[in-house]
Amino acid sequence: MKVLVPVKRVVDFNVKVRVRPDGSGVDLANVKMSMNPFDEIAVEQAIRFKEQGKASEIVVVSVGPKETNETLRTALAMGADRGIHVLASGPVEPLAVAKILARIVGDEAPKLVIVGKQAIDDDCNQTGQMLAGLLRWPQATFASKADVSESTVTVTREIDGGLQTLALDLPAVVTCDLRLNEPRYASLPNIMKAKKKPIAETTPEALGVDIAPRLKISRTFEPPARSGGRKVASVAELAQLVRDHVGV
Amino acid sequence: MSVLLLAEHDNAKTTDATARALSAALQTGKPVDILVAGENCHPAAEAAAALSGVARVILVEDAAYKHGLAEVLADLIVQLGAQHYQTFVAAGTALGKSVMPRVAALFDVMQVTDVSRVVSPTSFERLIYAGNAIQLVEVPQGKTVLTVRVSSFEPVKVGGSAPIETAAAGPAFPRTRFVGESVQQTGRPELTSARVVVSGGRGMGSADNFDALIKPIADRLGAAIGASRAAVDSGFAPNDLQVGQTGKAVAPELYIAVGISGAIQHLAGMKDSKVIVAINKDEEAPIFQIADYGLVGDLFTVLPDLDRALQQQNRVT
């Protein structure tokens with residue numbers, strides 16, 4: 001069974017981004033970039049399926065500028081088999097990414113698409129659901145456990161207040177939540193091996209997808225700052241403050 | 001054209017998140033219909049009809065909607081909405097986040113995720129980069145699909161009596177099947193609507209400590225319990241308690257952060273709280289930079305002492 005894993009290159013989670021003073025966006029010059037952490041979880045899950053003998057091939061896809069190649073290499077070093085790089089500069093909205101992925105799914109015919117639930121830059125939480133909608137495939141979002149057989153993927157999902165388990169007929173889309181697994185680090189030999197793994201390049205135009213943004217971002221600005229208050233000296237003082245604010 | 005709001009309910013009543021999403025929907029200035037889909041959920045439809053400002057309740061009763069599965073709900077919304085609605089809204093809960101992007105894709109439009117302010121019927125604010133920036137987003141003509149950051153809106157109060165109209169079910173989707181569910185009834189308020197939230201972080205050290213130290217304070221204050229990602233990652237607390245960028249956003253009257261250093265991802269989920277109290281043994285912890293009141297100390301002694309102090313104050317009154 002072939003598994004397709006879309007990955008996104010995003011600002012590293014440790015970076016505190018700065019908003020440009022002119023309101024045109026955030027400053028991404030010379031900022032550390034990494035694979036979206038939830039996509040790392042998706043790559044890891046695909047590798048585990050392969051190690052369990054359930055997946056035969058893992059194809060990773062990313063849409064982005066030429067540096068996105070590094071993100072694909074990271075996935076290949078973790079254990080994916082080959083990459084597809086859809087070259088695009090500038091931000092590409094989730095709907096356009098989902099359309100690109102739908103085309104690639106048409107070419108590659110994977111039985112399963114595993115993707116992170118959300119990218120930590122635009123915080124949209126849309127791509128997996130949109131892809132499933134476009135393909136009219138079953139979807140399971142926020143997976144904390146996934147088990148795959150020849151024809152079905154059984155997913156336990158994080159929902160408000162607890163967990164829900166669904167069985168989806170393949171092909172299907174699964175989006176990953178935090179507790180699904182802990183992604184591995186690539187070993188040095190695997191990083192070397194990954195350099196030889198193939199990455200095919202294509203473009204949105206070649207796939208016939210219009211990536212012109214639908215939404216207009218008219219301004220980007222900083223949220224109002226919150227300033228620190230004061231330290232309290234004792235638990236008794238804290239208890240009194242808590243009591244004042246809650247009325248208990 | 002009007003707005004269709006997807007209600008979240010437990011068959012008996014609609015959730016607080018629905019009442020907050022309704023606030024956002026009403027701010028577009030257009031008539032708002034609420035869709036209540038489920039099995040044996042007429043009481044929830046009545047509860048929806050009682051929310052102020054609702055134009056109509058659309059009730060769809062079918063076993064297919066019993067478990068809130070995204071595929072059938074998205075198809076139903078598209079079926080109801082293709083002709084009669086322009087704007088589609090849901091709370092940014094696990095349900096809304098699953099269903100609405102699918103709806104948007106079926107309509108071939110972009111969704112605006114986690115709207116924190118309705119500026120006009122076609123422009124909205126939302127947070128990006130873990131709340132480090134706010135975007136003002138304008139949607140083009142045509143269908144508009146939104147999810148709502150519920151902590152940014154007050155719940156609509158009861159006081160309406162909208163008519164309830166029934167509608168036919170949409171297509172089935174047999175390729176997705178419900179297997180089971182385990183939902184914990186904690187007896188505590190919902191995290192996203194609680195007046196007080198007590199959250200624990202990595203500093204709690206273990207799931208046992210988390211339970212033994214956080215729960216008594218939460219019980220005493222009638223508070224919901226939250227957790228940082230580090231605490232969830234370490235297995236101290238379940239995932240649905242995670243407060244932060246990729247968890248829940250909360251804005252209670254009082255937020256007590258215990259053993260939480262204050263990573264930006266966590267702050268994204270709680271910095272709109274009215275009053276923030278931080279308890280941490282590291283006086284350099286970033287959480288103190290945004291806390292109204294900070295106590296530097298070892299949570300393993302501070303929490304039991306705080307519990308006793310609150311108990312004594314109760315006795316005095």
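The values are calculated or read from the model by the stated rules, or taken from the named source; none is laboratory data. Everything numeric here is computed off the predicted structure, so don't read it as measured data. Quick reminder, even Gly has a Cβ in these numbers, built from the backbone with ideal geometry, and neighbours come from all protein chains shown. Quick note on the areas: whole protein, heavy atoms, side chains included, nothing else; ligands and nucleic acids left out. Shrake-Rupley method; radii C 1.70, N 1.55, O 1.52, S 1.80 Å.
Mean residue ellipticity at 222 nm, helices only, the protein assembly as shown: -8500 deg cm²/dmol; runs of at least 4 DSSP H residues each add -39,500 (n - 2.57), and the sum is divided by the number of residues. A simple rule links phi to the HN-Hα coupling: the Karplus curve 6.51 cos²θ - 1.76 cosθ + 1.60 with θ = phi - 60°, which for segment B:300-312 gives 5, 9, 5, 5, x, 5, 5, 4, 5, 5, 5, 5, 5 Hz, with x for Gly and Pro. Karplus-derived 3J(HN,Hα) values for segment A:146-157, using 6.51 cos²θ - 1.76 cosθ + 1.60 with θ = phi - 60°, are 8, 9, 10, 10, 4, 10, 9, 10, 9, 10, 9, 10 Hz; glycine and proline are entered as x.
Computed from point charges on the beta carbon alone (+1 for Lys and Arg, -1 for Asp and Glu), the dipole magnitude for segment A:125-248 about its Cα centre is near 500 Debye.
Highest mean first, how do B:74-83, A:84-93 rank when packing is the count of other Cβ atoms within 10 Å averaged over residues?
In decreasing order of mean packing, B:74-83, A:84-93 become B:74-83, A:84-93.
Within chain A, the longest run free of GluC sites (Glu not before Pro) that sit in a DSSP loop with at most 11 other Cβ atoms within 10 Å is A:151-248.
Protein heavy-atom surface of chain B, 1.4 angstrom probe: 49% of the accessible area is carbon and sulfur, with nucleic acids and ligands not counted. With respect to chain A, whose longest principal axis is taken over its alpha-carbon atoms, helix A:94-108 is tilted by about 20°. Straight-line cross-link partners of B:LYS248 among the lysines, defined as a Cα under 23 Å from its Cα and at least 8 positions apart when in the same chain: A:LYS8, A:LYS16, A:LYS117, A:LYS145, B:LYS13, B:LYS97, B:LYS157, B:LYS215, B:LYS271, B:LYS274. Are there any residues in segment A:75-110 with a reduction of at least 40 Å² in accessible surface when going from the isolated chain to the assembly of protein chains? Probe 1.4 Å, please list them by number. Buried by 40 Å² or more upon assembly, which counts only protein chains, are A:LEU95. Compared with the dominant principal axis of the Cα atoms in chain B, helix B:70-84 is inclined by about 50°. Assuming a ≥ b ≥ c are the square roots of the Cα gyration tensor eigenvalues, decide whether segment A:2-215 counts as rounded (a/c under 1.5), prolate (otherwise, with a/b larger than b/c) or oblate. Cα axes put segment A:2-215 in the rounded bin.
Using C-alpha pairs below 8 Å separated by at least 6 residues, the relative contact order for chain B is 15 percent. Other protein chain C-beta atoms within 10 Å of residue C-beta, averaged over A:116-129: 6.
Rounded to the nearest whole Hz, the Karplus-based 3J(HN,Hα) values (6.51 cos²θ - 1.76 cosθ + 1.60, θ = phi - 60°) of segment A:183-200 follow the sequence x, 7, 8, 6, 7, 4, x, 6, 5, 5, 4, 5, 5, 9, 6, x, 10, 7, with x at glycine and proline. The antiparallel fraction among DSSP beta bridges confined to segment A:2-215 stands at about 40%. Would you work out if the protein assembly as shown is rounded, prolate or oblate? Take a ≥ b ≥ c from the square roots of the eigenvalues of the alpha-carbon gyration tensor; rounded if a/c is under 1.5, else prolate when a/b is larger than b/c, oblate otherwise. The shape class here is oblate.
Averaged over peptide A:165-173, the number of partner chain Cβ atoms lying within 10 Å of each residue's Cβ comes to 4. For A:LYS145, the amide hydrogen comes within under 5 Å of the amide hydrogens of A:THR156, counting only partners 5 or more places away or on other chains and with H modelled in the peptide plane. Restricting the trypsin sites (Lys or Arg not before Pro) of segment B:229-317 to loop positions (DSSP other than H, G, I, E, B) with no more than 13 neighbouring Cβ atoms within 10 Å leaves B:LYS274.
In segment A:2-215, Cα pairs under 8 Å separated by at least six residues give a relative contact order of 25 percent. When accessible surface is computed with a 1.4 Å probe, chains B and A are found to bury approximately 7400 Å² between them, both chains counted. Projecting label points 7 angstrom from Cα along Cα→Cβ for A:LEU28 and B:ALA55 puts them 3.9 nm apart. Principal-axis analysis of the Cα atoms of chain B puts helix B:94-107 at an angle of about 40° to the longest axis. For GluC sites (Glu not before Pro), the sites in segment B:8-57 that DSSP calls loop and that have at most 13 other Cβ atoms within 10 Å are B:GLU39. Any chance you could check the Cα centroid distance between segment B:47-80 and segment A:202-248 for me, in angstrom? Between the Cα centres of segment B:47-80 and segment A:202-248 lies a distance of 31 Å.
For segment B:125-175, trypsin sites (Lys or Arg not before Pro) are listed when DSSP marks them as loop and at most 13 other Cβ atoms sit within 10 Å of their Cβ; the list is B:LYS157. Here r is the Cβ-Cβ distance between B:GLN141 and A:ASN14 and R0 is 35 Å; the resulting FRET efficiency, rounded to 0.05, is 0.30. Here the contact order of segment B:26-151, divided by its residue count and restricted to Cα pairs under 8 Å and six or more residues apart, works out to 23 percent.
Here A:LYS195 is the anchor, and the aspartates and glutamates within straight C-alpha reach of less than 17 Å, apart from those fewer than 8 places off in the same chain, are A:GLU67, A:GLU70, A:ASP81. The share of accessible area on segment A:2-215 that comes from carbon and sulfur is 52 percent, using a 1.4 angstrom probe.
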